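Structure first, then comments.
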Amino acid sequence: MERSKGYAVMFLLGAFLAGGALGFTADRVMDGDRGRGGRGGSFRGRMASELDLTPAQRASIDSLMDQKRTQIVALYRPVKPQLDSLALASRVISDSTHAQINRLLNPEQRVKMDKMRARSRHDLDRRRKKDSIGAPEIR
């Protein structure tokens, strides 16, 4: 019985890690034309500026980048349900772990832990919202 629990935990952990890796990769690939890590401006804007593109070149490149985005969205469309399922499974694991940790804490620690978790989720939601601005939605 204990061995099967271990396998189940290992499977869920593997699924969580694979989902995280896929999600991260999908996010970076689909949002490849946006700026990165505070370097300022979009990739397209920096490219136009640094390469001193003419308006005609910029229009052509914008068209190519839009085509790339459309193709990548289409590429990820078949796996989106799996990514969503993995995200849900990881949330279940997170909630279960939180409940288990809470059982180990005293009431004062639980309040602090709940505040820490709420703050962490708020920060994550804010980052996701910031990252999703202008990102294509996969349907």
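Summary table below
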item	result
Gain on full stretching of the segment that runs from S42 to T54 - 0.36 nm per residue minus C-alpha separation	2.6 nm
Q109-D95 pseudo-label distance in nm [points 7 Å out on the Cα-to-Cβ vector]	2.4 nm
Unit charges on C-beta of K, R, D, E only; dipole of the range 39-129, Debye	300 debye
Theoretical FRET efficiency, 1/(1+(r/R0)^6), r = Cβ-Cβ of R3 and T70, R0 35 Å, to 0.05	0.15
Net +/- balance of residues flanking R117 in space, Cβ distance below 13 Å, scoring K and R +1, D and E -1	+2
FRET efficiency estimate (nearest 0.05) - Cβ-Cβ, D62 to H122, R0 41 angstrom	0.75
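The numbers here are math on the coordinates, done by the rules we state, and not lab data. Just so you know, these numbers come straight off a predicted model, no measurement behind them. No Cβ is skipped: glycine too gets one built from the backbone with ideal geometry, and neighbour counts run over all protein chains shown.
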